[in-house]
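The values are calculated or read from the model by the stated rules, or taken from the named source; none is laboratory data. Note that the structure is predicted; figures quoted are calculated from it, not measured. Cβ placement follows ideal geometry from the backbone for every residue including glycine, while neighbour counts extend to all protein chains displayed.
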Amino acid sequence: MKILVVEDERLLADSLKVLLEGKGFEADTAYDGKTGEEYARSGVYDLLILDVMMPGIDGYELARRIRARHLGTPILMLTAKSELEDRITGLDSGADYYLTKPFDTRELLACVGALLRRQGGQVDEIVLGNTALNLSSAVLTCGTQSIRLSAKEFDIMRLLLQDQGRNYSKEMILERVWGYDSDAVENHVEVYIGFLRRKLAGIGSNIRIETIRRLGYHLEVREDNEPGGERR
């Protein structure tokens, strides 16, 4: 499970990341609303933890923008504001739960667990063509054939599947999957796209990862006798 923490207090954000990773989750941090929105739009996260009081795009506005894009990712909102009207505003903005600072880490983890269980019951796989990606096990299945993906393969495949008509450049995939602060380069994307193409072919999938020069990668469902797209 992958969680995004959007919190402008870096010490708190980093502490939450350590806490979540200590419980077995993958966690990324963004320190402002604009960056948080870019991360959240990737669709690779199972839960968003948003601070309300941030400069620029605050947590309320960020939640509204996420919901406007029809992203159903659960949102846990953190805030020092405890008035009823503030809680109502948070829930009306699209948050699923509202936790007031200061909070006990046990309560935070209980909220995280409850929201993830709720999400897991709603969507467990994404299907395209004759192939399904299980979001809990990171397994690609085509008929009776299946194969498990590595963490990076899973994140890339999920990204492409969740926005099937969109082209993702190598730079965009690097930002969404490896993160803004990563030392990874575009060649890493090419390598993992190659891994995924081989795994899709190996299970007999009719999904193809196609390349459009200067625009990036997207998914297509193709017949066996159709020629493939440009490979790179």
Item to check | Close pairs (8 angstrom Cβ cut-off, 6 or more residues apart or separate chains): assigned by TED's automatic domain parsing to the domain that holds Phe154 and in contact (Cβ under 8 Å) with a residue 40 or more places away in the chain in the stretch 199-215, assigned to a helix (DSSP H, G or I) and surrounded by fewer than 19 Cβ atoms within 10 Å (Cβ to Cβ) anywhere | outcome: Ile209/Arg197
Checklist entry - Which residue pairs have Cβ atoms under 6 Å apart, sit 6 or more places apart or on different chains, and have a first residue in the stretch 59-76 that is within 16 Å of Ile88 (Cα to Cα) and a second that is surrounded by fewer than 22 Cβ atoms within 10 Å (Cβ to Cβ) and of a type in the set (Phe, Trp, Tyr)? => result Leu76/Tyr97
Checklist entry - When you scan the stretch 1-19, how many residues do you find that are of a type in the set (D, E, K, R) and touching a residue at least 24 places away in the same chain (Cβ under 8 Å)? => result 4
Item to check | Residue match in the stretch 179-187 (condition: outside the structural domain of Ala95 (by TED's automatic domain parsing), of a type in the set (Val, Ile, Thr) and at pLDDT below 90) | outcome: yes
Item to check | Answer from Ile126, Ile88 - the residue that is free of Cβ contacts under 8 Å to residues at least 12 places away in the same chain, farther than 19 Å from Asp28 by Cα and not small (Gly, Ala, Ser) | outcome: Ile88
Checklist entry - Name the residues in the stretch 172-195 that are part of a helix (DSSP H, G or I), under 18 Å from the mean Cα position of the chain (by Cα) and not β-branched (Val, Ile, Thr), would you? => result Met172, Leu174, Glu175, Arg176, Trp178, Tyr192
Checklist entry - Would you call Glu21 at pLDDT below 90 and exposed (fewer than 15 other Cβ atoms within 10 Å of the Cβ)? => result no
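Can you find a residue in the stretch 141-150 that is among the hydrophobic types (A, V, I, L, M, F, W, C) and in a strand (DSSP E or B)?
Scanning the stretch 141-150, I find at least one residue that is among the hydrophobic types (A, V, I, L, M, F, W, C) and in a strand (DSSP E or B), so the answer is yes.
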